[in-house]
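The values are calculated or read from the model by the stated rules, or taken from the named source; none is laboratory data. Computed from a prediction, not measured in an experiment: that's the story for all the values here. All Cβ positions, glycine included, derive from the backbone under ideal geometry; neighbour counts span all protein chains shown.
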Amino acid sequence: MPVNCSIDVELGERSYPIVIGSALLGGGFDLGKHLAGEDCLVVSNETVAALYLERLREDLEGRSVQSISLPDGEAWKTLDTVSRVLDSLVAARANRDTTVIALGGGVVGDIAGFAAACYMRGVALIQVPTTLLAQVDSSVGGKTGVNHSEGKNLIGAFHQPRIVLIDTDTLGTLPDRELSAGLAEVIKHAAIADAGFFAWLEENIGALRQRDADALAHAIRRCCEIKARVVAEDEREHGRRALLNFGHTFGHAIEHCQGYGEWLHGDAVAAGMMMAARFSGLPEADIARLDALITAAGLPTAPPAAGADAMREAMGLDKKARGGRLRFILLRALGDAYATADYDPSRLERVLEAAG
């Protein structure tokens, strides 16, 4: 079947396409032409490899393909797991013209991307995301890395892929809870940058949860358009790119307090967005709209009780902090976000205390 669309991430000589379509895996797309050489290592996990590894091999006909299958889950997003990927590259006698291909969700993409950034000081990377969260967010933009016991994504590197290949058919095997987790990032993109898209989501959230192909394709495309534009303007997150972290300062703290993998990233971001919206001082009508949309997506609107002190401690290593002061992504209105370190500490305390 033909590609539905291709969106370019404009980064000069390192520009690359995001290709979105159905039936792209299994011979529907010549991925081999995007390799740096003839050799590649596919990094996947036990769940995804069983479903899609052989299909991916058909898109790499005539190339030397090796693979490694990792354990599934956020708890494995560690330096030890990255070392397993690096060991596989060494065992394969991989050279600088080897390409690492990430086949899976956000955890696989982050681990594989970081390994590619480290091996021989950087080898080519291709992202083939198979979850909604990875398709609309984590596979695009070059952020790679792993968690530390003290914080989320504290160890990593920027390493852009050569291509992001999104086969929307992979969402057919995604568990309902994982689909909802991805919808958190969809909602985030609308909340920070596109009020019209937010209204579209309110009308179509049911179709998205029912996996309507046209609705999913539209949502994925719009999110990728938003993220591609932001990344092109601010690749290394010195300014505007920080807006993509709406809900994440609170969300990462939730994940840390609960233990990685206990709450899905999308669940934590959903609750974090509600905390950020209240911290923003949005009108109650807008807060109610965000609450209703998150609820309709099957996501939590409040975090589990962790305690204000634990949340505050977890936020202390947030990567957006400058000069020892936290920076938050807040909303002027739905579809209009901004970053600031100028906030009323007492308002933050009220938000943390209200969250439990």
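Before moving on, here are some points about what is shown:
- When residues of the stretch 303-336 are limited to those that are at pLDDT 95 or above and part of a loop (DSSP other than H, G, I, E, B), the one surrounded by the fewest Cβ atoms within 10 Å (Cβ to Cβ): Gly335
- Only a single item in (1) assigned to a strand (DSSP E or B); (2) farther than 18 Å from Gly142 by Cα is not met by Leu53, and it is number (1).
- Residues of the stretch 262-302 satisfying the condition of being in a helix (DSSP H, G or I) and within 18 Å of the chain's Cα centre (by Cα): His265, Gly266, Asp267, Ala268, Val269, Ala270, Ala271, Gly272, Met273, Ile294
- Enumeration of residues in the stretch 237-265 that are within 20 Å of Gln135 (Cα to Cα) and either in contact with a Phe, Trp or Tyr (Cβ under 7 Å, 6 or more places away or on another chain) or of a type in the set (S, T, N, Q) (or both): Asn245
Yes or no, residue by residue, for (1) modelled with pLDDT under 95; (2) outside the structural domain of Cys40 (by TED's automatic domain parsing); (3) surrounded by fewer than 24 Cβ atoms within 10 Å (Cβ to Cβ):
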| residue | (1), (2), (3) |
| --- | --- |
| Gly113 | no, no, no |
| Gly122 | no, no, yes |
| Ile126 | no, no, no |
| Leu133 | no, no, no |
| Asn153 | yes, no, yes |
| Gly156 | no, no, yes |
| His159 | no, no, yes |
| Thr168 | no, no, yes |
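- Residue ID - nearest to Ala253 (Cα to Cα), chosen from residues in the stretch 326-355 that are among the small types (Gly, Ala, Ser) and more than 23 Å from the chain's Cα centre (by Cα): Ala355
- Subset of the stretch 1-43 [surrounded by 18 or more Cβ atoms within 10 Å (Cβ to Cβ), among the small types (Gly, Ala, Ser) and either within 26 Å of Ser88 (Cβ to Cβ) or more than 22 Å from the chain's Cα centre (by Cα) (or both)]: Gly28
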